[in-house]
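Single-structure report; data block below.
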Amino acid sequence: MLMSDDVARVPHDRGHLLWTSSGGPERLLLASFDRWTTAILGDDDISAFMMAEGPTLEGSIVAKENGIIAGCSAVDYMLQIWCPDIQISWRANDGKSVQKDDAIATIKGSAESLLRMERSILNILGQLSGIATETSRWATIAPKQIACTRKTVWGLLDKWAVHLGGGLTHRLSKNDARMIKENDLSSLIDGGANEERITSILTELHKEDYGAFLEIEVRTAKEAMLAAAVWKSFQLEDKLVIMLDNMAPEDCKNIAEEMEEYDLRASVILEASGGITYDQLSNWKECKMDVLSTSSLNRGTQPLDLTMLIEM
């Protein structure tokens, strides 16, 4: 899903570090493929390279419902490393839409290999395609850009699937960008109210301390205004991401308008998170946020229903 020209990019857009449509998976994502496919196969009692002999079977992987396909590159990697006698030819690759009964791929290999690898292949494709499909559902109607969080099931694989579905990955890891959360403020040795802690921690941070971007979680309008004012006083080129945690759409809108009134809005990127549901996305249409974030894109999503049909 391409971003329209009138939507400004936010630093939560980190998917290009995992995968691009022209180049495929990047090194960071390939390393994740290696970790997760090893674990998935290991749990299915496959822990050694497979090159089986015997009769050859052919089959198809078929969608049993509409959706967005994700996971093809991960399956390719898994087969190349673990079971190269299986050959797979994709008809619908990563990020492509499919309809019910569409053939996603044709697959060929020894009977033993196909039958042993079948469930792992379908689990990867089903889980990641389910995330991409759910993300596309949100992104299609979200009033602004929609991002996942670091609450994942399969780590970077979840974030890749969100990217393929048209969402934003947010931070790829804790070290990718710095988020100052409530616990970070509470852990400061010097006491004081949260407002004092916010001023202290923002003042002491330097560019090299926060990676791709800096984000701070706030719980009140007072904290949000203070963070924006402190950041503007630094006169930095980078914008501070202020995450308004568990606030209602109207409260978020009021904060954005107050920042406009005090000439603070241009110094920050506003993110709303917490309690955002698909059924209530329309309530956020006038919220004046730059991005909404939710773990609902990838946690607890229904896998896309796929099947492998072996030709007789």
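The values are calculated or read from the model by the stated rules, or taken from the named source; none is laboratory data. Remember, it's a predicted structure, so these values are computed and weren't measured experimentally. Positions of Cβ are backbone-derived with ideal geometry, glycine not excepted, and every protein chain shown enters the neighbour counts.
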Failed item, numbered, when residue 260 is tested on (1) assigned by TED's automatic domain parsing to the domain that holds residue 182; (2) acidic (Asp, Glu); (3) touching a residue at least 24 places away in the same chain (Cβ under 8 Å)
(3)
For residue 131, only one of the following conditions fails: (1) touching an Asp or Glu at 6+ places or on another chain (Cβ under 8 Å); (2) of a type outside the set (S, T, N, Q); (3) farther than 30 Å from residue 284 by Cα. What is its number?
(3)
Criterion: out of contact with any Ser or Thr (no Cβ under 9 Å at 6 or more places or on another chain) and in the same structural domain as residue 108 (by TED's automatic domain parsing) - qualifying residue of 67, 42:
42
If I ask for residues that are modelled with pLDDT of 95 or more and either of a type in the set (A, V, I, L, M, F, W, C) or at positive phi (or both), which ones from the range 275-286 would you list?
276, 281, 284
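In the range 287-312, which residue that is free of Cβ contacts under 8 Å to residues at least 60 places away in the same chain and surrounded by fewer than 19 Cβ atoms within 10 Å (Cβ to Cβ) is farthest from residue 169 (Cα to Cα)?
Step one: list which residues in the range 287-312 are free of Cβ contacts under 8 Å to residues at least 60 places away in the same chain, which gives 288, 300, 312.
With the extra rule that they be surrounded by fewer than 19 Cβ atoms within 10 Å (Cβ to Cβ), the set shrinks to 300, 312.
Values: 300: 17, 312: 42 Å.
So, considering only residues that are free of Cβ contacts under 8 Å to residues at least 60 places away in the same chain and surrounded by fewer than 19 Cβ atoms within 10 Å (Cβ to Cβ), the one farthest from residue 169 (Cα to Cα) is 312.
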Which of (1) part of a helix (DSSP H, G or I); (2) buried (at least 19 other Cβ atoms within 10 Å of the Cβ); (3) at pLDDT 95 or above is the odd one out, the single condition residue 271 does not satisfy?
(1)
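The rows are residues; the columns are (1) touching a residue at least 40 places away in the same chain (Cβ under 8 Å); (2) surrounded by fewer than 16 Cβ atoms within 10 Å (Cβ to Cβ).
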position	(1), (2)
202	no, no
206	no, yes
226	no, no
236	no, yes
267	no, no
282	yes, yes
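Would you check if residue 24 is assigned by TED's automatic domain parsing to the domain that holds residue 118, crowded, with 17+ Cβ neighbours inside 10 Å, under 24 Å from residue 301 (Cβ atoms) and within 24 Å of the chain's Cα centre (by Cα)?
Working: assigned by TED's automatic domain parsing to the domain that holds residue 118: yes; crowded, with 17+ Cβ neighbours inside 10 Å: no; under 24 Å from residue 301 (Cβ atoms): yes; within 24 Å of the chain's Cα centre (by Cα): yes.
No; evaluated as a whole, the condition is false for this residue.
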For the condition of a type outside the set (D, E, K, R) and modelled with pLDDT of 95 or more, what is the one hit in 38, 56?
38
Can we say residue 59 is in contact with a strand residue (DSSP E or B) (Cβ under 9 Å, 6 or more places away or on another chain), in a strand (DSSP E or B) and more than 30 Å from residue 141 (Cβ to Cβ)?
yes
Evaluate the following for residue 253: is it under 19 Å from residue 286 (Cβ atoms), among the basic types (Lys, Arg), part of a helix (DSSP H, G or I) and modelled with pLDDT of 95 or more?
yes
Scan the range 36-45 residue by residue and report those that are touching a residue at least 40 places away in the same chain (Cβ under 8 Å) and surrounded by fewer than 18 Cβ atoms within 10 Å (Cβ to Cβ).
44
